[in-house]
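Everything below concerns the one structure shown next.
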Amino acid sequence: MSDERLLSPRNPWFIGSVGITAGLLAATALGGFVLLPYAQPDLKLAGIWDAICSAAGVPKAPSAAEPVRPDGKLTQVVVTSALPSAADPDAVGRGATLAQQCAICHGPTGVSRADSPNLAGQYAAAVYKQLADFKAGVRVNATMTPFAVDLSDRDMADLAAYYAYLPRLPGFHPASDKPPPRIVINGAPLRNIAPCGSCHGVLDNKTGSPWLEGQPAAYVKAQLQAFASGARRNDISQQMRNVARRMTPEEIDQAAEWYASQPSTNVHTR
């Protein structure tokens, strides 16, 4: 049979193959550009054309409707190198006076026996940010919120300077000879989880992130669970929520227990 006869409109095999191909293309386009966008529960569409544009990555014209507001307060702290980092002697003195109110939970030397976070030697930027978030209602706690709401910006900076000045002392947790879990040193690349140590390490620290060695396991675990559930949302750009919600319960336990068992390295940036 010649090529002309194969491609002839009179050839039923040619007509059938063209019809099947066209049908597959139409079904694929319908599924990818219409059905899949409508299947996304969080995507609000005005019509079929809006769904097609959304699937194709074409931004739709701005709407006159009221923009979507976040369902919770967002942190207003901008983490930069301008945040408190060095210890000013006057600030340390004022912070020491203010910190007398904190000793019942965080210990007189900044080391807690009540599963509250250890603050002695903590990075000043981390302490300042959390106090500012408690004051603004971005992070809520029955104990910390009433205390922080009356603090001035200078009070928060002084407290941060004082705790950063204190030497890091061992926490009240048993030491462990176990190797660090994979989630701490390697993360989980296939789940887009960076290693915990890439932000919270003593030598490799991201500005505004606290060091975790020696922190109570119960506290670390509770915070990871709060980030995962969305109960805590004062992380910038949802960094911790994106990590915690992808971690397994076993990984959360492993990270919390390992950090609690580690000695606090006495490193200062003064």
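The values are calculated or read from the model by the stated rules, or taken from the named source; none is laboratory data. From a predicted model like this one, the values you see are computed outputs, not experimental measurements. Just the protein is used for accessible areas: all its heavy atoms, side chains included, with ligands, DNA and RNA removed. Shrake-Rupley method; radii C 1.70, N 1.55, O 1.52, S 1.80 Å.
The HN-Hα couplings worked out from phi for segment 177-192 by the Karplus form 6.51 cos²θ - 1.76 cosθ + 1.60 (θ = phi - 60°) are 8, 5, x, x, x, 4, 5, 7, 9, 10, x, 9, x, 5, 9, 6 Hz, whole numbers, x standing for Gly and Pro.
Using the Kirkwood radius over C-alpha pairs as Rh, can you work out the diffusion coefficient of segment 97-170 via Stokes-Einstein at 20 °C, viscosity 1.002 mPa s, in µm² per second? Can you show the working numbers first?
Working: Rh = 12.1 Å.
Stokes-Einstein gives a translational diffusion coefficient of 176 µm²/s.
Computed with a 1.4 Å probe over protein heavy atoms only, the accessible area of Val138 comes to about 10 Å².
For Ile193, the residues whose amide H sits under 5 Å from its own are Ala188, ignoring neighbours fewer than 5 places away on the same chain, with H placed 1.01 Å from N.
Summarising the overall dimensions of segment 209-262 from its C-alpha atoms, the Rg and Dmax are 10.6, 30 angstrom. Measuring spread by the Cα atoms of segment 148-270 yields a radius of gyration and Dmax of 15.2, 44 Å. Karplus-derived 3J(HN,Hα) values for segment 210-216, using 6.51 cos²θ - 1.76 cosθ + 1.60 with θ = phi - 60°, are x, 7, 10, 4, x, 6, x Hz; glycine and proline are entered as x.
Surface calculation, 1.4 Å probe, protein heavy atoms: Trp258 sits at approximately 40 Å² accessible.
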